[in-house]
Every structure is written in C-alpha cells, then in structure tokens.
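Each remark here refers to the structure printed beneath this line.
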Amino acid sequence: MNDNEYAIIGHRIKQLYGIDLDCYKSTQMRRRLDAYLLRVKASSWAEYFRRLEASEEERLRFKDYLTINVTSFFRDPDKFEVLRKEILPTLLAGGHGLNVWSAGCSDGAEAYTLAMLLDTAAPGKNSHIWATDLDRNVLAKARAGGPYLADEVANVPMAMRQRYLEPVPEGFRVKPALQRLITFQEHNLLRDPIRERFDLIVCRNVIIYFTEEAKEALFRRFVSVLRPGGYLFIGATETIPIAMARELGLEPARISFYRRQAESLGVAAGVSR
C-alpha cells in the first residue's frame, strides 16, 4: 500500500478504536494489514471498512488482530527467577504488600505468573495486580482464569501448578483464590488515564512494535506512576537508551530491570495510591 492509503487506513482505525498507527513501526504494520486484507478476502480497504460499519463482530475481530498477543506463563524463566530471587525480596523488605501493573497483559498468563510469585513470597500481604490490555477477547479469557493449554503452562514449577492451577478438559484453569489478586481492565497504554502508583511495572514484548517516539512517551508514563525505588521490568530483547534512562531517573538493575531513583527530571507523578 502507498503512504496515502496507509494514512487513510490509520485515520479510520484511530476513529474506530483509538489506536494510533503512528505509534507503531510502519513496515511491520503495513505487512500485517496487507496480510489481513488477504485473509478476509476483501477486494479493497474501502470494501472492508464497509463491512466493519455493518458488523460489530467484525469490528471486534479486526481489533483483536491489531492488538498482538503472544504470551505464556513464566515466559523467559531466567528473568522471572531474577524477579523472584532479587527484585521481589527488595521490594517486600518494607513489610507491605505491593501494587503491580502488568501492562499489555494479553490473556493473563503474565499477570497470573506475577500473582503466583507474589502469593508465594508474601502470602497475606495484600498485594494487588492491575492487568491491562486493549483486546477484549483476551481479557475475557484472563478474567475467567483460562483455560490455558498445557504448552502455555509448561514453565510453571510443579509445586505452583498443583497449588494454583486445576486441570480442566481444555487444559488448565487458574484457581479462584489467585484470580482475586488481579483486576483486569481494558486500557490504552499511551492514552488512557492511570490513577495509581506502582512498586513494579511489567511491560514485556510490547514496545518492540512501537516507534521510538511512542516508546519514549510510554516510558515517561511509566516513570510518572512508578514509585521511587520501584522497578520497571521489560522484555528480554528490549532496552532503554542510556541517555533516556538517565533523564528519566532509571538505573539499570539487571538485564530487563530498571530501578527508579528519586523524583526524576521532567517527569511529574500526578497520582497517588
């Protein structure tokens, strides 16, 4: 597609969903859009947008495609081991429960992984996880606690699997006691308000699809609601440029982990727990 067509498609998508394609890498998004038009067997985007106007089901299906969801429990187990052994003990040393944000939580596998670790490390400490995503379908699965396929829970340690998951015909479902630690909510990371402050923000394998400008805007949002001494946990292949991290008051703690220092230059918090 040419630049003009891409701009028109982007404008319609923003009108329909509030998703700004300018925040995503153009080459990757164009490939995804071209592939989708072939999949739905539409002769043109004009024809497909007429379909969207006539069908709420089709609108939801297209939105689900635009929001990319690839996840599993304990994805990159070595990183969650660092979280379990080093980061959580540091955060829990204050003796209170933690407020955690799983940003771009997809179908809940990451949020439930965090809940397992928190409940194991500090049972009864009144920790809470706010888990957000744009995709209503994956959020419905998350709120229901699954079901999750055996492959999706393959990295869950056996003791945790027995304690927190129950087998069902389709695979595994999260037990209600663990579900109660999490609030799932539809939320646009770059646009919607954030009304709490957090000890830990987890946003993994989301920003790889963003432009550099959108990444910086998102990191600024994260820092504005991350408590001093709190941690940002990003994907295994993602990094924050050194100059940007320094400006935002983030110091590298371990690979994929950044710790917020005292109040950062140019970043206003503006919320309270």
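The values are calculated or read from the model by the stated rules, or taken from the named source; none is laboratory data. Computed from a prediction, not measured in an experiment: that's the story for all the values here. Neighbour counts run over all protein chains shown; Cβ positions are idealised from the backbone, glycine included.
Residues in region 36-75 that are farther than 27 Å from residue 109 by Cα and not charged (D, E, K, R): 13 in all. When 155, 188 are checked against the criterion of being under 25 Å from residue 253 (Cβ atoms) and polar (S, T, N, Q), a single residue qualifies: 155.
Does region 158-173 hold any residues that are closer than 17 Å to residue 115 by Cβ and surrounded by 12 or more Cβ atoms within 10 Å (Cβ to Cβ), and which are they? Can you show your working first?
Our first condition is that a residue be closer than 17 Å to residue 115 by Cβ; within region 158-173, this holds for 159-166, 172-173.
Hits for region 158-173 are 160, 161, 163, 164, 165, 166, 172, 173.
Would you be able to say whether some residue in region 172-189 is under 24 Å from residue 141 (Cβ atoms) and among the aromatic types (Phe, Trp, Tyr)? Give the steps one after another, and end with the answer.
Of region 172-189, the ones under 24 Å from residue 141 (Cβ atoms) are 172-189.
Imposing the further condition that a residue be among the aromatic types (Phe, Trp, Tyr) reduces the set to 172, 184.
Yes, some residue in region 172-189 is under 24 Å from residue 141 (Cβ atoms) and among the aromatic types (Phe, Trp, Tyr).
Quick check on this structure: which one of 38, 16, 52 is of a type in the set (A, V, I, L, M) and crowded, with 16+ Cβ neighbours inside 10 Å? Show your work before the answer.
On the way: 38 fails: crowded, with 16+ Cβ neighbours inside 10 Å; 16 fails: crowded, with 16+ Cβ neighbours inside 10 Å.
Among 38, 16, 52, only 52 is of a type in the set (A, V, I, L, M) and crowded, with 16+ Cβ neighbours inside 10 Å.
Restricting attention to region 208-234, report how many residues are outside any loop (DSSP other than H, G, I, E, B), more than 27 Å from residue 92 (Cα to Cα) and in contact with a strand residue (DSSP E or B) (Cβ under 7 Å, 6 or more places away or on another chain). Write out each step before concluding.
At the first step, the residues of region 208-234 found to be outside any loop (DSSP other than H, G, I, E, B) are 208-210, 212-224, 226-234.
Cutting the leftovers down to more than 27 Å from residue 92 (Cα to Cα) gives us 208-210, 212-217.
Filter again for in contact with a strand residue (DSSP E or B) (Cβ under 7 Å, 6 or more places away or on another chain), leaving 209-210.
So the answer is 2.
One residue stands out in region 91-106 among those that are out of contact with any Lys or Arg (no Cβ under 7 Å at 6 or more places or on another chain) and in contact (Cβ under 8 Å) with a residue 60 or more places away in the chain: the one that is surrounded by the fewest Cβ atoms within 10 Å (Cβ to Cβ), namely 98. Determine if region 178-189 includes at least one residue that is touching a Ser or Thr at 6+ places or on another chain (Cβ under 6 Å) and touching a residue at least 40 places away in the same chain (Cβ under 8 Å). Yes, because at least one residue in region 178-189 is touching a Ser or Thr at 6+ places or on another chain (Cβ under 6 Å) and touching a residue at least 40 places away in the same chain (Cβ under 8 Å). When 31, 12, 61 are screened for being under 22 Å from the mean Cα position of the chain (by Cα) and of a type outside the set (Val, Ile, Thr), only 61 passes. Residue 155 passes every criterion in (1) closer than 16 Å to residue 117 by Cα; (2) exposed (fewer than 13 other Cβ atoms within 10 Å of the Cβ); (3) of a type in the set (S, T, N, Q) apart from (2).
Condition check: under 30 Å from residue 144 (Cα atoms) and at pLDDT 95 or above. Does residue 225 satisfy that? Let's see the steps before the verdict.
Details: under 30 Å from residue 144 (Cα atoms): yes; at pLDDT 95 or above: yes.
Yes.
Of 255, 234, all but one fail to be surrounded by 15 or more Cβ atoms within 10 Å (Cβ to Cβ) and either in the same structural domain as residue 89 (by TED's automatic domain parsing) or at pLDDT below 90 (or both); the exception is 234.
The selection criterion, being in contact (Cβ under 8 Å) with a residue 12 or more places away in the chain, closer than 28 Å to residue 19 by Cα, β-branched (Val, Ile, Thr) and buried (at least 21 other Cβ atoms within 10 Å of the Cβ), holds for residue 132.
State which residue is farthest from residue 29 (Cα to Cα) when the search covers only region 68-102 and only residues that are touching an Asp or Glu at 6+ places or on another chain (Cβ under 8 Å) and among the β-branched types (Val, Ile, Thr). Don't jump to the end; show me each part of the working.
Taking region 68-102 as the starting set, the residues that turn out to be touching an Asp or Glu at 6+ places or on another chain (Cβ under 8 Å) are 69, 71-73, 75, 91, 98-102.
Imposing the further condition that a residue be among the β-branched types (Val, Ile, Thr) reduces the set to 71, 100.
Numbers: 71: 20, 100: 30 Å.
Only one residue fits best here, namely 100.
Taking residues in region 37-53 that are within 16 Å of residue 5 (Cα to Cα), and partners anywhere that are part of a helix (DSSP H, G or I) and of a type in the set (Ser, Thr, Tyr), the pairs with Cβ atoms closer than 8 Å and at least 6 places apart or on different chains are 37/48; 42/48. The set of residues from region 191-207 being part of a loop (DSSP other than H, G, I, E, B) and under 12 Å from the mean Cα position of the chain (by Cα) comprises 204, 205, 206.
Scanning region 183-200 for residues that are buried (at least 18 other Cβ atoms within 10 Å of the Cβ) and under 17 Å from residue 134 (Cβ atoms) yields 184, 187, 189, 194.
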